[in-house]
Amino acid sequence: MILRRIQHWRDARAVARRPIPDDLWKRTLKRYPFLRRRDRADEDELRRLSSLFLDRKEFTAVGRVRLTNDVVVAVAAQACLPVLRIGLEAYGGFIGIVLHADAVVARRQVHDEDGLVHEYDEVLSGEAMQGGPLMLSWRDVRTAGQSAEQGYNVVIHEFAHVLDMTDGLSSESPRLPAGIEAAHWRRTLASELERLQAAVERDEPTTLDPYGAEAPEEFFAVASESFFVAPQSLRHDHAALYALLASYYRQDPAADAAGPG
């Protein structure tokens, strides 16, 4: 009880250090409509978590990016949406966030079965690494309101990777909250991944980004993007997957997107 009261006091001081003004918060919700919650208490909590996020994380800008209040709050609010009910402690394993003006090109190396090394260039809009830092393209962050209809959101994608790296959500032994059976989690994700891979193989249009067919960890990140920014489409086309993610994140964004009931 005492530790909880101390943490509450510390959080209150942090929010006071990094308040988000009303006009800035309203601009953020207007730019990124998927952040809006039907429940005012949830929206207030998202704003509080965003302040805590800004107090705990360190931003670095590369190139033409300027770390204005609009920029950092845009990142913080989108990053905090997945942990609205989980808690910001889920992101405790890293501090640094690096913002580039646009996508970056990374040089990669892979070893084939014969031990030969192959090099290639990979274009990245974001990247999450164990222990950080986490890299994001500001261009993709800034346009997230427009790309939401396609189920794309680089911030949620990369922070889903953070959750995955912490709890092994795409592995054979995920750490799940009470109420979600590991066998059901694995079975549902595997089935939905196979379904996406088959559709991509047949060159069919898909609700989920085809990139999710690359690997289980990419599938979880892609599914999380769609869950938060295009929830009604995901619920319509992948009901079992939507229900599973709703249990994990303890949110129902399709209901929020529907407006006041």
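Quick look at the values:
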read-out: Residues of the range 1-20 that turn out to be in contact (Cβ under 8 Å) with a residue 24 or more places away in the chain and either in a loop (DSSP other than H, G, I, E, B) or among the small types (Gly, Ala, Ser) (or both), as a count; value: 4
read-out: Near pairs, Cβ below 9 angstrom, 6+ apart or cross-chain, from the range 170-181 (at positive phi) to any residue that is surrounded by 10 or more Cβ atoms within 10 Å (Cβ to Cβ); value: Gly179/Ser247
read-out: Leading residue by the ranking (farthest from the chain's Cα centre (by Cα)) among those in the range 155-186 that are surrounded by 14 or more Cβ atoms within 10 Å (Cβ to Cβ) and of a type in the set (Asp, Glu); value: Asp167
read-out: Filter result for Glu225 (more than 18 Å from the chain's Cα centre (by Cα) and part of a helix (DSSP H, G or I)); value: no
read-out: Enumeration of residues in the range 219-251 that are under 22 Å from Arg175 (Cα atoms) and surrounded by fewer than 20 Cβ atoms within 10 Å (Cβ to Cβ); value: Ala240, Ala243, Ala246, Ser247, Arg250
read-out: Conditions (1) of a type in the set (A, V, I, L, M, F, W, C); (2) closer than 25 Å to Ala254 by Cβ; (3) touching a helix residue (DSSP H, G or I) at 6+ places or on another chain (Cβ under 9 Å); number of the one not met by Phe59; value: (2)
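To keep it simple, each residue is scored yes or no on (1) surrounded by 15 or more Cβ atoms within 10 Å (Cβ to Cβ); (2) under 21 Å from Val141 (Cα atoms).
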site: Asp11; (1), (2): yes, no
site: Lys26; (1), (2): no, yes
site: Ala61; (1), (2): yes, yes
site: Thr68; (1), (2): no, yes
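Laboratory data are not the source of any read-out in this text; all were calculated from the coordinates shown. Keep in mind it's a predicted model, so treat the numbers as computed, not measured. Positions of Cβ are generated from backbone atoms using ideal geometry, with glycine treated the same way; all protein chains shown enter the neighbour counts.
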